[in-house]
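For reference, the structure is listed below as structure tokens.
Taken together, the values in this text are just the output of simple stated rules run on the coordinates, not laboratory data. Please read these numbers as outputs of a predicted model, since none were measured by experiment. Note that we place each Cβ from the backbone using ideal geometry, even for glycine, and neighbour counts take in every protein chain shown.
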Amino acid sequence: MRELLRKNIASLNPYSCARNDFTGEAQVYLDANENWQDFVAIHDANRYPDPLAVTLRKKIEEVMGLPFKHTILGNGSDELIDNLFRCFCEPGKDSALLMPPTYGAYRVFADINDVKVENVPLTTSFQIDFPSLESYLAKEKEQRSNGRLKLLFVCSPNNPTGNAFPLDQIERVCQLFDGITVVDEAYYDFSEKGSATTLLEKYPNLVVLRTLSKCWALASARVGIAIASEELVAVLGSMKYPYNLGTPSQALAYKAIGRSDEVQAGLDLIRDERERMKGLLENIACVTEIFPTDANFFLIRVTDAVGIYHYLAKDGIIVRNRSKELNCENCLRITIGNKTENDTLLAALSAYKEL
């Protein structure tokens with residue numbers, strides 16, 4: 001991993017904020033130039049947050065089983081993705097590999113960091129194209145000169161397609177690629193496939209991303225989790241913003257994780273609605289294909305994605321038109337909402353056939 005790091009990151013002398021140098025409970029805080037007055041009286045708003053999120057990470061280990069020493073938290077997974085580009089990819093030289101259609105932010109962060117994007121598309125059934133991937137990686141390795149392929153992103157379950165990749169396929173990617181494999185498991189909780197975190201001990205160049213935005217219903221709190229080797233966690237910790245996760249977000253996350261039984265019950269409700277919606281969508285005339293999903297959304301192919309999108313929007317129903325994504329022509333992505341929301345959508349789609 002050290003060979004993959006940008007030289008300036010490998011030799012970085014990280015900023016040490018006030019709370020990094022102290023552990024335990026203090027009685028008087030006069031170290032960080034804070035205002036002692038708390039005007040809103042919410043979550044110690046006048047005090048800087050714990051830069052290492054120690055209490056929250058311990059709770060994550062206790063409930064979610066993600067080892068404390070192998071985790072680092074970000075302001076959403078987006079911050080963690082951006083930091084992976086920043087610590088490994090030399091701007092204007094190195095590259096990252098995507099398997100479209102996939103999460104669009106990977107390319108955005110690559111562009112922001114001036115990192116070239118290479119593509120090995122999924123098959124038309126949205127599976128990993130291993131013959132093409134193996135051929136590309138072998139060719140890239142032979143042709144390395146000034147710069148190299150540093151990052152490979154696997155989104156599982158994939159966004160926007162919804163399907164998760166079996167664990168043995170994730171492991172095969174790790175075996176083929178000698179850079180940093182990033183497995184984005186934002187929708188993992190909705191799937192029954194195994195987690196790539198079980199591969200971390202075997203593959204030290206693997207990074208797994210999780211989020212509390214989806215299953216844990218904390219999209220506004222912006223809490224992302226990276227699980228990686230202790231060495232890589234230390235590198236990411238050295239370059240992150242000193243206080244990247246605010247105290248209110250840490251408090252909300254701790255509270256939600258403490259209610260894991262309620263979250264599990266909510267997860268079961270979403271899975272039940274997923275099955276109910278699948279059966280009902282199959283009988284709607286304008287729906288021509290429903291792709292298998294392991295997430296909390298469906299990708300469906302319809303007769304006229306643009307027309308149906310605007311038709312639904314006029315009724316105040318917002319879905320995502322994914323027709324411009326590779327092999328997603330006339331496809332809409334539909335989040336599974338509560339029963340009332342879902343019934344409203346289904347009724348509107350059923351009525352569309354009469355227009």
Cross-link pairs beyond the 19 Å C-alpha cut-off, checked among LYS69/LYS202; LYS214/LYS255; LYS202/LYS240; LYS278/LYS339; LYS7/LYS139; LYS7/LYS93: LYS202/LYS240; LYS7/LYS139
Partners for LYS116 among aspartates and glutamates (Cα-Cα distance below 13 Å; same-chain residues under 8 apart left out): GLU90, ASP94
Förster-model FRET efficiency, 30 Å R0, ARG47 and GLU341, C-beta, rounded to 0.05: 0.15
Helix axis angle, 247-257 relative to the chain longest principal axis, alpha carbon, degrees: 60 degrees
Ranked packing of 194-200, 29-35, 130-136, most packed first, by mean Cβ within 10 Å: 194-200, 130-136, 29-35
Simple label model, 7 Å out from Cα along Cβ direction - TYR243 to GLN264, nm: 3.7 nm
Highest to lowest packing among 245-257, 114-126, scored as the average C-beta count within 10 Å: 245-257, 114-126
The range 142-197 and the range 260-282: distance between their alpha carbon centers, rounded to Å: 26 Å
Local electrostatic count at LEU5 - Lys and Arg +1, Asp and Glu -1, tallied over other residues with Cβ under 12 Å: +1
Helical mean residue ellipticity (222 nm; -39500 (n - 2.57) per DSSP H run of 4+; nearest 500) of the chain: -11000 deg cm²/dmol
Rounded tilt (10° steps) of 260-281 against the dominant C-alpha axis of the chain: 20 degrees
Residues with amide H under 5 Å from that of VAL223, placed H, sequence gap 5 or more: GLY76, LEU212, SER213
Cysteines in the chain that, by Cβ-Cβ distance, have no pairing candidate under 4.7 Å: CYS17, CYS87, CYS89, CYS155, CYS174, CYS215, CYS286
Nearest-ten-degree value, helix 305-314 long axis tilted from longest Cα axis of the chain: 80 degrees
Cβ-based net charge around GLY92, under 9 Å, with every Lys or Arg adding one and every Asp or Glu removing one: -1
15 Å beta-carbon shell around THR335, net charge (K/R +1, D/E -1): +4
Least to most buried among HIS43, HIS310, HIS70 (fewest other Cβ within 10 Å first): HIS310, HIS43, HIS70
Per-peptide average of other Cβ atoms within 10 Å, ordering 274-284, 86-96, 203-213 highest first: 203-213, 86-96, 274-284
Normalised contact order of the chain, rounded percent, pairs of Cα under 8 Å and 6 or more residues apart: 18 percent
